[in-house]
Amino acid sequence: MSPSPSLRRAATTIVALVALIATASCGRRPDVGPVVASVIGAAPALADRTRTALPTGERVLTDALAEGLVRFDAAGQIEPGVAERWIVTDEGMSYIFRLRNARWPDGAPVRAGEVVALLRRQIAATSGNEIAPYLSAVSSIVEMTPEVIEIELSRPRPDLLKLFAQPELALVRARPAGGAGPFRRKEERGTALLLVPALDPDRDPEEARPAPEDEVLLRGERAASAIVRFVERESDLVTGGTIADWPLVQAANPAPANIRIDPAAGLFGLAVTRRDGFLADAANRAAVAQAIDRADLATGVSPEWTARETVLPEQLDSALAPAVPLWTTIPAEQRAAAARAVVARWRATNGVPRLGIALPGGPGGTLLWARIARDLYAVGIRPFRLAAGDPTADLRLIDRVAPYDSARWYLAEACVACDANAAAAIEAARLAETLPLRAQALATADAALANDVAFIPLGRPFRWSLVALRLRQWQPNTRAWHPLNRLRGDTN
């Protein structure tokens, strides 16, 4: 059988990349001047709140120019943002934030009234903010003084701060556009944007001003271009890498010390999007799940990639350990045969089952397709590849990093077309008045989703970066998030 067009295109891209890298310079990367960073994707812009999901470039730039009440540090942990400190009262039902002496880009002071108005607008915009559905417990946001705001909850949410640290909840002012983040926009340099540190209004006037090494030159570009630029020592960072472009990194073969893989928490698997035909029956959906050789898939991508068979990676805030699907009780070496028997029974009366699978583009998407298609063909299913987002797909890849550590996020995101029992349990968890009731509802929802086989887990999200050794503060973390003000160990 001759290679498919997608495989031929992937091979051509990789060959071209290798040819470019063969001409790379061998000089040492200088430890002077701005940090030169490439984010994979379109040119970065401030967050467009009308989008359901923000592109990586928008998230990176928005986090640099603006910030929320809190933000993530280099390790993915919470640190102060516009709020310099906070307290949690009333058994976790009230969060009180004191604002720091922050300034908007035009020099105007950040005051609680404007912060309250911006937060209310962002949380209310459920159609344009994918974080907002997980903030339904916020009952009020009020100004207590010009420097203090209070957020009251109708139901306890221990992980609230991780949601407020997301770039989707950064405080962005319309006029002048920008926020009170760690950087200010200085100028455009060709296709790149030069960012300079925002001056602390409380700084000593005699204190030295930021040096060029504190600046960041940020651009958005295709993965192949970003990788070549890094290997040629013309940049210090490539961020926003996913499995879609990982084979290009392998072809470029940068120094192992520069390749960094995040232990990202989140979902990576196939969501059932159509419950008709072959996928109308849970036993058939289980046959698809058990046909896929996860160990081979993980090995084919990277030894640092972790395969997964459960929706939840760990217990999190559920009352029970992750629910184990029934099909996982079959020994790995017997799963293909068991799946083949299920498919054979279907074929005897209904013919060969055909499944459309929506996957990302790029050579990584082709790598996934090759292995998944091989395994499904082996059990008698005829898959065909569709573009990501194709509404006609039977199965769709979900590849998302979790914004916070709650079982509800995993279950709600995996429940694209799950049954009524699972959906009802997920909603019961959202509405639970106490943490024990919420934990029990989450356990019920997890078990229902596993029995329904509405989501086929494959692994953890695969996130990679290329990082120059001069960026001593860069750290891998479960949020797979690397703020631009936490890159050089001797700054900020």
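The values are calculated or read from the model by the stated rules, or taken from the named source; none is laboratory data. Source: prediction; values computed, not measured. For neighbour counting, all protein chains shown are included, and Cβ atoms are generated from backbone atoms with ideal geometry for every residue, glycine included. Surface accessibility is based on the protein's heavy atoms, side chains included, excluding ligands, DNA and RNA. Shrake-Rupley method; radii C 1.70, N 1.55, O 1.52, S 1.80 Å.
Which pairs do you get when a residue that is closer than 12 Å to Leu237 by Cα and at pLDDT 95 or above, found in region 210-223, comes within reach of a residue that is open to solvent by 50 Å² or more (accessible area, probe 1.4 Å) and assigned to a strand (DSSP E or B), reach meaning Cβ atoms under 9 angstrom, with the pair 6+ apart or on two chains? Filtered contacts from region 210-223: Leu217/Arg189; Arg219/Arg189.
Scanning region 282-308 for residues that are over 17 Å from Trp464 (Cα atoms) and of a type in the set (D, E, K, R) gives Arg285, Asp293, Arg294, Asp296, Arg308. Every condition in (1) outside any loop (DSSP other than H, G, I, E, B); (2) under 19 Å from Pro403 (Cα atoms) is met by Pro461 except one, and the failing one is (1).
In region 298-413, counting only strands (runs of 3 or more DSSP E) that sit wholly within it, the ones holding 2 or more residues that are aliphatic (A, V, I, L, M), more than 30 Å from Leu160 (Cβ to Cβ) and open to solvent by 20 Å² or more (accessible area, probe 1.4 Å) span 382-387. For region 167-182, the criterion of a residue being free of Cβ contacts under 8 Å to residues at least 60 places away in the same chain and of a type in the set (Lys, Arg) is satisfied by at least one position.
Restricting to region 451-465, count the residues that are under 30 Å from Asp276 (Cα atoms), in contact with a Ser or Thr (Cβ under 7 Å, 6 or more places away or on another chain) and open to solvent by less than 40 Å² (accessible area, probe 1.4 Å). Don't jump to the end; show me each part of the working.
The initial filter retains those residues of region 451-465 that are under 30 Å from Asp276 (Cα atoms), namely 451-461.
Next, from what is left, pick out any that are in contact with a Ser or Thr (Cβ under 7 Å, 6 or more places away or on another chain): 457, 459-460.
Checking which are open to solvent by less than 40 Å² (accessible area, probe 1.4 Å) leaves us with 457, 459.
Residues that pass the stated criteria total 2.
So, Glu333, is that one closer than 26 Å to Ala265 by Cβ and acidic (Asp, Glu) or not?
no
For the residues Ala441, Ala468, Ala424, the requirement of being modelled with pLDDT of 95 or more, surrounded by fewer than 17 Cβ atoms within 10 Å (Cβ to Cβ) and among the small types (Gly, Ala, Ser) singles out Ala424.
Could you count how many residues in region 232-264 are in contact with a strand residue (DSSP E or B) (Cβ under 8 Å, 6 or more places away or on another chain) and either buried (at least 23 other Cβ atoms within 10 Å of the Cβ) or within 17 Å of Gly361 (Cα to Cα) (or both)? Adding up the residues that qualify gives 14.
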